[in-house]
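Here is the structure we will look at.
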Amino acid sequence: MTHDVDVLVVGGGPIGLAAAIEARMLGLTAVVVEPREPGIDKACGEGLMPGAVPALARLGVVPEGYPIRGVAYQSSRRRAEHRFRSGHALGVRRTVLSVTLSARAEAVGVVRLPARVESISQDPSGVAAAGLRARYLLGADGLHSTVRELVGLGVGVPPEGRRFGLRRHFLVAPWSDCIEVHWTRDVEAYVTPVAADTVGVAILGPVGTSFDAALATIPALAERVAGGVPASSLRGAGPFHQRTVRRSVGRVMLVGDASGYVDAITGEGIRVGLAQARAAIECISAARPGFYEREWMLRTRDFRLLTGGVVALGASAFRAGIVPAAVAFPRVFGGIVERLAR
């Protein structure tokens with residue numbers, strides 16, 4: 001039976017577009033199913049960690065952003081700062097990243113199909129969705145993946161402990177070249193410089209968290225942005241914790257947030273998603289789709305273990321000790337940051 005395309009990617013976010021570009025780089029045809037136009041926004045921290053910058057450059061994607069030299073954990077009285085040992089991170093507006101990736105995808109021959117996927121059927125030789133038949137389908141449609149549910153790979157997560165994110169930009173000059181993480185009793189606030197005159201503030205906390213109320217509990221940060229005009233509307237995302245039975249079934253593979261997500265607490269979503277996209281396409285190109293599960297586990301291992309550990313600490317009675325511990329043990333703090341950043 002003939003196929004319309006080699007790889008059908010559902011979802012035109014950064015990871016879906018990266019997967020499609022990966023496919024074209026290996027000579028495969030690729031279609032991205034995405035109803036929204038390029039410039040898609042999302043409530044996120046918008047920091048590309050040092051490992052993500054060269055990973056994007058390898059795809060021919062060099063987005064405009066603000067260089068970031070380290071990560072700082074801060075409480076009301078203490079600050080632990082680690083400077084990246086090699087390379088730098090980049091603060092990039094999600095809309096800018098979307099446009100840049102979309103332009104590159106179009107340049108290498110990726111086709112965008114403005115549609116939604118409502119059903120998926122597959123057999124031993126192919127998979128059909130959105131009116132097309134493909135050799136393989138990648139679900140890259142985010143935290144609340146339709147593909148994940150349609151193929152039965154989702155696992156329900158108990159509501160207890162679910163966390164959400166809220167993000168807004170302010171027109172104010174960055175006061176630091178670090179990603180700042182402000183820790184309070186109930187929330188974390190991530191401050192990312194994204195331009196010479198703009199910072200993004202993302203607040204992570206339990207359901208019902210108010211952006212303004214949470215910001216008010218961090219006086220030093222509230223004072224910094226008090227004079228800045230809001231440069232974007234308030235956007236939300238979550239719940240973050242998503243689980244999957246597996247990352248593939250038949251000729252369908254899940255990449256990015258759709259494949260399962262621990263939490264946004266360490267900001268490694270893009271780098272890890274890029275690694276997953278590359279692994280999936282390499283498995284397809286080698287005609288070894290069954291190897292993807294193993295590759296997914298290998299390439300996400302550090303992220304799952306370290307992020308899971310930080311999340312567990314943040315939800316425990318030891319939460320108040322996270323910043324003091326980072327101050328007291330800078331080599332350990334720096335080692336964790338470097339392991340996640342590479």
_Could you give each residue of segment 73-81 its phi-based ³J(HN,Hα) in whole Hz, using Karplus coefficients 6.51, -1.76, 1.60 with θ = phi - 60°, and x for Gly or Pro?_
9, 9, 10, 5, 10, 10, 9, 10, 10
*Projected area of segment 1-91, taken from the Cα convex hull and averaged over every viewing direction, in nm²?*
8.5
*Using the eigenvalues of the Cα gyration tensor, what equivalent ellipsoid semi-axes result for segment 1-46 when each is taken as the square root of five times the eigenvalue, whole Å, largest first?*
24, 12, 7
*Which value results when the Cα radius of gyration for segment 143-206 is divided by 2.2 N^0.38 Å?*
1.53
*asked:* Given the options G12, C44, L132, identify the residue whose Cα lies farthest towards the positive end of the charge dipole of the chain (+1 on Cβ of Lys, Arg; -1 on Cβ of Asp, Glu).
replied: C44
*Simple label model, 7 Å out from Cα along Cβ direction - T95 to E338, nm*: 3.8
_Normalised alpha carbon radius of gyration of segment 167-308 [divisor 2.2 N^0.38 Å]_ = 1.27
*Over segment 240-306: Rg over Rh, Cα atoms, Kirkwood Rh*: 0.95
_Let's test the formula: R0 of 30 Å, r as the Cβ-Cβ distance of D302 and D4. What FRET efficiency results, to the nearest 0.05?_
0.20
*Pairwise label distance in nanometres, E37 with R58, each label 7 Å out on the Cα-Cβ vector*: 3.3
*What Kirkwood hydrodynamic radius, in Å, does segment 1-160 give when the mean of 1/r is taken over all pairs of distinct Cα atoms and then inverted?*
17.4
*Roughly speaking, what is the stretch gain from A226 to R288, that is 0.36 nm per residue apart minus the C-alpha to C-alpha distance, in nm to one decimal?*
16.9 nm
*About the Cα centre of the chain, what is the dipole size in debye to 20, counting +1 per Lys and Arg Cβ and -1 per Asp and Glu Cβ, all else neutral?*
720
*asked:* Per 0.36 nm of contour for each residue apart, how much would the distance between L234 and R85 grow if the chain were fully extended, relative to their Cα-Cα spacing?
replied: 50.2 nm
*How large is the convex hull of the Cα atoms of the chain per residue, expressed in Å³ as a whole number?*
123
*Kirkwood Rh, Cα Rg: Rg to Rh for segment 41-104?*
1.05
*Roughly speaking, what % of Cα-Cα pairs in segment 104-153 are separated by over 11 Å, rounded to a whole number?*
73
*What list of ³J(HN,Hα) couplings, whole Hz, do you get for segment 49-62 from phi and the Karplus terms 6.51, -1.76, 1.60, once you set θ to phi - 60° and write x for glycine and proline?*
5, x, x, 6, 4, x, 5, 6, 4, 4, 7, x, 10, 10
_Theoretical ellipticity at 222 nm over the chain - DSSP helices of four or more residues, -39500 (n - 2.57) apiece, nearest 500_ = -9500 deg cm²/dmol
*Would you mind checking which residues have amide H under 5 Å from V32's amide H? H placed 1.01 Å from N; only 5 or more apart, or other chain.*
V9, V111, R112, L113
*Along the Cα-to-Cβ line of F329, 7 Å from the Cα, sits a label point; which residues in segment 11-54 have backbone N less than 14 Å from it?*
none
*Could you work out the relative contact order of segment 62-175, using alpha carbon pairs under 8 angstrom and six or more residues apart, expressed as a whole percent?*
14
*What is the mean projected area of the alpha carbon convex hull for segment 109-188, to one decimal in square nanometres?*
10.3
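A short reminder: the numbers here are calculations on the coordinates, not readings from a lab. Bear in mind the structure is a predicted one, so any value in this text is a computation, not a measurement. For neighbour counting, all protein chains shown are included, and Cβ atoms are generated from backbone atoms with ideal geometry for every residue, glycine included.
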